[in-house]
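**Q** Okay, handing you the structure first.
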Amino acid sequence: MLKEWQSGTRIVLARFPDYVNYRQDDANKGAAYVDEVVFDIISEPATRTAAFESGDVDIIGVPTADVARLSEMPGVSIIAQENGHNINFIEFSNVAPFDNVHFRKAVAYAIDRDSIVEIAYMGRGTPIQCPVPIGDAAYDADLCAQYGYTYDLDKAREELAAGGFTDSDGNGIVEMNGEDISVTLWSYSGFDVQQKTIALIQPDLQDIGLNVEIRTVDFGALQPMLEAGETGFDYMRWTFYDQSILSQLFLTPGWVGQTSDPALDELLKVADSTVDPAARVQASHAAMQYVLENALIAPLLTDWFQSAVQEHVHGYRWDALDNERLIDVWLSK
Amino acid sequence: MYIVRRLLATIPVWFAILTMVFMMRPLVPGDPVKIMFFGRSSSQEAIEAMRKDLGLDQSLPRQYFTYVSGVLQGDLGTSITTRRPVLDEIIDRYPATLKLALGSLLVSAIVGLIAGILSAVYKGSAADTFAMIFSLVGLSMPAFWFGLLMIYFFAVRLGWFSVIPDGSLKSLVMPAVTLGLIASSVIARLVRSAMLEVLGQDYIRTARAKGLRERRVLIRHALGNALLPIVTILGLQFGGLLSGAFIIEAVFAWHGIGELGVNAFSKRDFPLIQGIVLVIATNYMLVNLLVDILYAWLDPRVKLA
């Protein structure tokens, strides 16, 4: 029951003794074990971690940078949702040279997803080749391994050559229409991991012969650039709980007006209008295959949602839709 | 007459502020509604409904008229994230900010005045060097870092304070001391230079020659005359503190205007951002007005100028 609500500050929930829980995935089918749950809103991550370290709070959403330190605290558990519904990816606009499928494939091959997860995300994510989040019903690692892209700079160079991008003057930069290709990889501010990620991608792209600058701007400035196709390619992160994420992203005109593909639209419409779950997954797979074969985006990873939990807290877990479940929580002395 | 003139002068200034606050939205790059919806599942209908709700489907002059008439009637709009009136959100947070502003002003005034006076009176001594190094450190140390250090030592290591404020006077100590010490650096330097200038004046020598006690000379004759620039800087600092110390409030989870502003910016809650900016600017304007009036009271020559 809602006991107290201070806007943007604090929420207090009290135990409802007559509650009946019908969810199959919870052990507790009755009222919560704890009398109260207090949600204190601490916007600054470092302060949140300090509040946990000082014992002021029992559970926090832990910033990736603090996971290693907190996990060394006696009794502290880091509980992660590794099958979340977020997808981090590189997206392309439809301007040259990004309108060339070989160019997009070259970029997709030149991305070292394992290093990104290990270095930028400190191991707190899962590299993916699928154009849907790892927690999505349509996610299929085998399918995406068949049609997706793994880190291979030689294949990336081959794709550039197949697309007509060659280094004729031997200066290490491939050319388009006789001029060195110079592109900018964009990201939006407020997320350190994104900036670290594009910094990791940049040298590999330079290695295959692209002159790449990286830039980070506020999303308010990035959004009109995306819609105008001025960005070329950028780092994007979406969270979505249904396989219709594909049509949200790619159905003409695409989420920022950069997609127009009748063949893909047909596949997406079938996926969106199919009711039978198994058939719907199959329809989504057809669309995913198309997206990968045309390298419409370069999927990177699904990052983990994670909480740090004190020793005396038991029964805390994440559910399949990335919600924290507290009904099984009990406290030991 | 001086006060009336100053009061009247604030009216066009406030309307200029109001206009600039209104212009924030049309001048921000990108579609504000699409930016607000970024990362959330939304239909085109929902986006259009929000645009209509915010009045963005109207012409700019019409939007301006609606905004100004709303503000004049105390309607600053509705927060997109909480769906509560912006004014209510600000009023809820204002007492916390006022408390922090008064607490840190007290710390900064006491520390700044004492450090500045001692530094001027004992110029060239170890105390002077210490006070000036202290003020240099305070000026150059990022508030964010200093705040986290305070939390780490006094809350996490020593356990003297709670990281999460509970509204008590005790929970005011860490943020007020952090803000106050940083602000006192400026005051200490200003008091020192003002006092050094005054202490060299003939009337101070005369006061001492009359046999007045040194404390009376310093407090009444020297500090009294050095007070004008100090009042200005204290006033400006108070205006800034009243507007919410954005970083410090966020670091100490202090639920004031500053923290509200940080959250509004991160959630791209434009009506709330506009409301906060308007309140901050109005605060500054009113505090400046008060400082000017105080100036006239402290120095009668100002009224003639």
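The values are calculated or read from the model by the stated rules, or taken from the named source; none is laboratory data. Everything quoted here is computed from the prediction, not taken from an experiment. A quick note on method: Cβ atoms are made from the backbone with ideal geometry, for glycine too, and the neighbour counts reach across all protein chains shown.
**Q** List the pairs whose first member sits in the range A:312-325 and is not assigned by TED's automatic domain parsing to the domain that holds A:GLY55, whose second member is surrounded by 12 or more Cβ atoms within 10 Å (Cβ to Cβ), and whose Cβ atoms are under 6 Å apart, counting only residues at least 6 apart or on separate chains?
**A** Nothing qualifies.
**Q** If you go through the range B:200-209 one residue at a time, do you hit one that is out of contact with any Phe, Trp or Tyr (no Cβ under 6 Å at 6 or more places or on another chain), free of Cβ contacts under 8 Å to residues at least 12 places away in the same chain, within 14 Å of chain A (Cβ to nearest Cβ) and among the charged types (D, E, K, R)?
**A** Of the range B:200-209, the ones out of contact with any Phe, Trp or Tyr (no Cβ under 6 Å at 6 or more places or on another chain) are B:200-209.
Filter again for free of Cβ contacts under 8 Å to residues at least 12 places away in the same chain, leaving B:200, B:202, B:205-206, B:208-209.
Subset that is within 14 Å of chain A (Cβ to nearest Cβ): none.
Within the range B:200-209, none of the residues are out of contact with any Phe, Trp or Tyr (no Cβ under 6 Å at 6 or more places or on another chain), free of Cβ contacts under 8 Å to residues at least 12 places away in the same chain, within 14 Å of chain A (Cβ to nearest Cβ) and among the charged types (D, E, K, R).
**Q** Only residues that are crowded, with 21+ Cβ neighbours inside 10 Å, under 29 Å from A:GLN202 (Cβ atoms) and within 14 Å of another protein chain (Cβ to nearest Cβ): list them for the range A:236-253, please.
**A** A:MET236, A:ILE245, A:LEU246, A:LEU249
**Q** If you don't mind, another one. Can you tell me which residues in the range B:151-183 are part of a helix (DSSP H, G or I), within 14 Å of chain A (Cβ to nearest Cβ) and under 21 Å from the mean Cα position of the chain (by Cα)? Spell out the reasoning first.
**A** Of all residues in the range B:151-183, those part of a helix (DSSP H, G or I) come to B:151-157, B:169-183.
Cutting the leftovers down to within 14 Å of chain A (Cβ to nearest Cβ) gives us B:151-157, B:170-171, B:174-175, B:178.
Scanning the range B:151-183 gives B:SER171, B:MET174, B:PRO175, B:THR178.
**Q** Among the residues of the range A:200-213, which ones are part of a helix (DSSP H, G or I) and without any contact (Cβ under 8 Å) to a residue 40 or more places away in the chain? Spell out the reasoning first.
**A** If we filter the range A:200-213 for residues that are part of a helix (DSSP H, G or I), which is where we start, we get A:200-207.
Those that are part of a helix (DSSP H, G or I) and without any contact (Cβ under 8 Å) to a residue 40 or more places away in the chain: A:GLN202, A:PRO203, A:GLN206.
**Q** While we're looking at this one, here's another question. Would you check if there is a residue in the range B:222-233 being over 21 Å from B:THR129 (Cα atoms) and without any contact (Cβ under 8 Å) to a residue 24 or more places away in the chain?
**A** Yes - at least one qualifying residue is present in the range B:222-233.
**Q** Which one is surrounded by the most Cβ atoms within 10 Å (Cβ to Cβ), of the residues in the range B:115-150 that are within 14 Å of another protein chain (Cβ to nearest Cβ) and in a helix (DSSP H, G or I)? Give the derivation first.
**A** Of all residues in the range B:115-150, those within 14 Å of another protein chain (Cβ to nearest Cβ) come to B:142-150.
From what is left, the residues that are in a helix (DSSP H, G or I) are B:143-150.
Numbers: B:ALA143: 18, B:PHE144: 15, B:TRP145: 12, B:PHE146: 20, B:GLY147: 27, B:LEU148: 20, B:LEU149: 12, B:MET150: 20.
Result: B:GLY147.
**Q** OK, next. How do the helices (runs of 4 or more DSSP H) wholly within the range B:1-114 filter down when requiring 2 or more residues that are away from chain A (no Cβ under 14 Å) and surrounded by fewer than 17 Cβ atoms within 10 Å (Cβ to Cβ): which remain?
**A** Details: elements: B:2-27, B:32-37, B:44-53, B:60-72.
Correct list: B:2-27, B:44-53, B:60-72.
**Q** Any residue in the range A:174-190 that is charged (D, E, K, R), farther than 30 Å from A:SER284 by Cα and in contact (Cβ under 8 Å) with a residue 40 or more places away in the chain? Working first, answer last.
**A** We begin by selecting, within the range A:174-190, every residue charged (D, E, K, R); these are A:175, A:179-180.
Checking which are farther than 30 Å from A:SER284 by Cα leaves us with A:175, A:179-180.
Keeping just the survivors that are in contact (Cβ under 8 Å) with a residue 40 or more places away in the chain gives none.
Looking through the range A:174-190, none of the residues is charged (D, E, K, R), farther than 30 Å from A:SER284 by Cα and in contact (Cβ under 8 Å) with a residue 40 or more places away in the chain.
**Q** Scan the range A:1-18 for residues that are away from chain B (no Cβ under 14 Å) and either loosely packed, with under 14 Cβ neighbours inside 10 Å or over 33 Å from the mean Cα position of the chain (by Cα) (or both) and jot them down. Working first, answer last.
**A** Going through the range A:1-18, the residues away from chain B (no Cβ under 14 Å) turn out to be A:1-3, A:13-18.
Within the range A:1-18, A:MET1, A:LEU2, A:LYS3, A:ALA14, A:ARG15, A:PHE16, A:PRO17, A:ASP18 qualify.
**Q** For A:THR252, state whether it is touching an Asp or Glu at 6+ places or on another chain (Cβ under 9 Å), free of Cβ contacts under 8 Å to residues at least 24 places away in the same chain and of a type in the set (Ser, Thr, Tyr). First the steps, then the outcome.
**A** Numbers: touching an Asp or Glu at 6+ places or on another chain (Cβ under 9 Å): yes; free of Cβ contacts under 8 Å to residues at least 24 places away in the same chain: yes; of a type in the set (Ser, Thr, Tyr): yes.
Answer is yes for this residue.
**Q** Could you list all residues from the range B:158-192 that are touching a residue at least 60 places away in the same chain (Cβ under 8 Å) and polar (S, T, N, Q)?
**A** Across the range B:158-192, the qualifying residues are B:THR178, B:SER184, B:SER185.
**Q** Would you point out the residue of the range A:90-101, among those that are surrounded by fewer than 19 Cβ atoms within 10 Å (Cβ to Cβ) and within 24 Å of the chain's Cα centre (by Cα), that is farthest from the other protein chains (Cβ to nearest Cβ)?
**A** By that ranking, first place goes to A:VAL101.
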